[in-house]
Each structure stands twice: as C-alpha cells, then as structure tokens.
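J.: The structure follows.
The values are calculated or read from the model by the stated rules, or taken from the named source; none is laboratory data. Only a predicted model underlies this, so the values are computations on that prediction, with no experimental measurement involved. Here the Cβ positions follow ideal geometry from the backbone for every residue, glycine too, while neighbour counts run over all protein chains shown. For the accessible areas, the whole protein counts, side chains as well, though only heavy atoms, and no ligand, DNA or RNA atoms are used. Shrake-Rupley method; radii C 1.70, N 1.55, O 1.52, S 1.80 Å.
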Amino acid sequence: MIPLLDLKAQYASIKDDVDAAVLRVLDSGHYVLGEEVARFEEEFARYCGTKHAIAVNTGTSALHLSLLAAGVGPEDEVVTVSLTFVATTAAICYTGARPVFVDVEPVTLTMDPAKLEAAITRKTKAIVPVHLYGQMADMDAIQAIADKYGLPIIEDACQAHGAEYKGKRAGSIGLSGSFSFYPGKNLGACGEGGIIVTNDDEQAKAMRMLRDWGQEKRYHHVMKGYNYRMDEIQGAILRIKLRHLEDWTEARRTRAARYSALLAGSRSVQAPVAASDRRHVYHVYAVRTPDRDHLQQALRDEGIHTGLHYPVPVHLQEAHADLGYQVGDFPVSEAAAREVLSLPIYPELTMRQVEEVVAAVEQDAYVS
C-alpha cells in the first residue's frame, strides 16, 4: 500500500524533538500565545522574508483577518478563483463581502491575469490569488492590474509554504499572505494552525488585535475581534518542523521531478508544469487525465491512494449557489475539476514507490 500522505513517517523522523517540545510547553503552564508562538512568528517571518508574522488558529482565520485588516466589509467585492478549497471563498463571505470569480490559466491552474480586469468593478475592494498546489500565481501581471485600480492583493498561500515567484517567497509580495498549517500541508501542525505575513506595520497591528478579541491591551477592546489565537503546543511543534521545511521541500521537488521524467510522453496522464520563473513546492502532485475516476479506481485496486483537489469548483458548490454562477462560466476551472488526480507525494516517499505509482498509471493506460 502506498498512501497519499504519510504523517506517521514524518513524526517518526522528528519524534524526540517534537515530544520534548510538547513536554516543555506542558511544564511551562502557558498554553496560548506564549513564548513558543512568539518565537515561531519571528522565525516564520524570517523564512518568508517579511517584517511580521501573526499566528492564528487556522488558515481560514488568517484569510479572514487579512481581508478585515485590508478594509473589506459588507457591500464590497473580492476577486478570486473558483478552483480552490472552499475556505478561500468562506473567508470572503465572513466579512460580508461578495466573492467574484475569474478563471484560471490552463497550464498553472492559477488566476488568469487576462481575465482579471474584466471582473473589477467600483465595488471591488481586494484581489485574492490562490497559489494552488504549491505554485505561485503570476504575481507581476496581477500586481500591475491591482496597482492600476489601487487594490490590495491578499495572497492565499495556504498550499505554498516556501514557494517562490522570481526569487520572492509566497506571502511577501501582496499586502499580506495567509498560510494554513493543517496537518497535511508541507508545514503542518499536529492539529490546526495558520499564520499571516506582512511588511505593513499597521496591518500587523490590526491583525494582532483582531485575533485576540480586539484587545489593545488586556481587557481594553478597541475593536470587535475574534478568538483566533494559536496555542503554544502548535507553536512549539511548528518551530521544530520549520527547521526541516527546506529539506522536506527539496525532497518533494526531487520526487516530483522523477514523476515528471517518468511520465513524459505518458499515454494516460499529463504531468503538472512548473513555470520557469517560479519555485513549485508540490503540496500536491496533480496530474490530469480525461478518465480520472477510472484511473483512481485502477490505482486503488493496486493499493495506491490518490486524492481529488478539487472535484467541484466553488462556483458550482451547492453552498454557494446564491452567487448565481452556472456550469460553463469558468470552463478551464471546470475541466480541471473533472480531470485532476493527486498522486502520492511526501518527503518520505521512496523513489521505488514513485516508480511503482508510475508503472501502475501506465499499466492502466495499456489495459485501457
């Protein structure tokens, strides 16, 4: 059996350090927004190349606070993409604003700048590009349009820890960038977690208050805030994992390169393409195939687990039918949703296992 992801193997490789960090927190008696979280914020900001990092309880909360701090609220519109996890849209809705979707580029599956300007109206308050599967969107083109209309960019970097665009880290280009530390992410907590990075002092100040009930100091609430605080155990664990992130990222990239080499000329699938000016960190290794469900079942029969990211684009989700979109509105996103299949990828995946997965993929193509 080859799993899609093996978190037990990751834990085993750092068990002693993680266990010691957790016990250190338990012994301290300080469990929320303490020294471990503060030090993790400093270390993650340094990793991203930003002045500030504000740790929160989830990636969704990170997006929510980023939008609020940028002034997004009721009656506003926020332009984003539909090919993403639903949390991107949910965070916009939490502010009272309306999500407005644009289609994605057919190769990178990130926001298509050529479609962006047409979606901007007088109500538009922000742009949220999603760095999907570990690859950043075309930030220069998006930034040029944002600058033309005086709009802030909020980067959804929840799948892009350590990804780069022309040498700049994810989260460091827009007004702010939001990350998730859900356990399966490239940098994952042992539970929930998230963080916002920014170079803007006022944005950082506002988000620090918003995550902690709007307090400027204890029991002095200057704005209506939220209980979005990160706990100390997650901060301590993430500090340990951050030290390994670059090695883990290069391991992912090496395995992705092996997949792509073996799948060159495949009769069954199309391998993902990394843009030449970007560092793809392969949170997901997403191939495309016209008969996705058949291939997934064939691999399952061989003991190979795969994933679907994402089989229904947000504009076609029942929960967001009120937005009024229909089938055919975003054809590139809809085609990707029908065709994308995520193959196993994680640092502990062996090259032999990569070869076994590819052999199974190609055997299915031969049988089919």
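J.: Can you tell me which residue in the stretch 299-317 is surrounded by the most Cβ atoms within 10 Å (Cβ to Cβ), limited to those that are hydrophobic (A, V, I, L, M, F, W, C) and in contact with a strand residue (DSSP E or B) (Cβ under 9 Å, 6 or more places away or on another chain)?
T.: Within the stretch 299-317, the match that is surrounded by the most Cβ atoms within 10 Å (Cβ to Cβ) is Val314.
J.: Would you confirm, using the coordinates I've provided, whether Ser333 is out of contact with any Cys (no Cβ under 8 Å at 6 or more places or on another chain), part of a strand (DSSP E or B) and either of a type in the set (Phe, Trp, Tyr) or closer than 21 Å to Val273 by Cα (or both)?
T.: Taking the combined requirement at face value, the residue does not satisfy it.
J.: Further question on the same structure: For the stretch 62-108, name all the residues that are open to solvent by 10 Å² or more (accessible area, probe 1.4 Å) and closer than 18 Å to Lys185 by Cβ.
T.: Phe85, Val86, Ala87, Ala90
J.: Okay, moving on. I want to confirm something. Restricting to the stretch 222-257 and keeping residues that are hydroxyl-bearing (Ser, Thr, Tyr) and crowded, with 16+ Cβ neighbours inside 10 Å, which single residue is farthest from Ser13 (Cα to Cα)?
T.: Only one residue fits best here, namely Tyr226.
J.: Taking the stretch 158-167 as the search range and keeping residues that are assigned to a loop (DSSP other than H, G, I, E, B) and touching a residue at least 40 places away in the same chain (Cβ under 8 Å), which one is surrounded by the fewest Cβ atoms within 10 Å (Cβ to Cβ)?
T.: Lys166
J.: Just give me the residues in the stretch 191-221 being open to solvent by 20 Å² or more (accessible area, probe 1.4 Å) and more than 22 Å from Ala45 (Cβ to Cβ), in sequence order.
T.: Trp213, Lys217, Arg218, Tyr219, His220, His221
J.: Restricting attention to the stretch 265-278, and to residues there that are at pLDDT below 95 and not hydroxyl-bearing (Ser, Thr, Tyr), which single residue is least open to solvent (accessible area, probe 1.4 Å)?
T.: Gly265
J.: Looking at the stretch 1-98, what helices (runs of 4 or more DSSP H) fall wholly within it and have at least 3 residues that are at pLDDT 95 or above and of a type in the set (Asp, Glu)?
T.: 7-28, 35-48
J.: A further question follows. For the stretch 130-154, what are the residues that are touching a Leu at 6+ places or on another chain (Cβ under 9 Å), in a loop (DSSP other than H, G, I, E, B) and open to solvent by less than 10 Å² (accessible area, probe 1.4 Å)?
T.: Hit for the stretch 130-154 is Gln135, nothing else.
J.: While we're on this one: Determine, yes or no, whether Leu295 is surrounded by fewer than 21 Cβ atoms within 10 Å (Cβ to Cβ) and of a type outside the set (S, T, N, Q).
T.: no
J.: I've got another one for you. State all residues of the stretch 317-330 that are in contact (Cβ under 8 Å) with a residue 60 or more places away in the chain and part of a helix (DSSP H, G or I); if no residue qualifies, say none.
T.: Across the stretch 317-330, the qualifying residues are Ala319, His320, Leu323.
J.: Moving on to the next point. Kindly provide the set of residues from the stretch 168-207 that are hydrophobic (A, V, I, L, M, F, W, C), under 27 Å from Lys8 (Cα atoms) and part of a strand (DSSP E or B), ordered by number.
T.: The answer is Phe179, Ile195.
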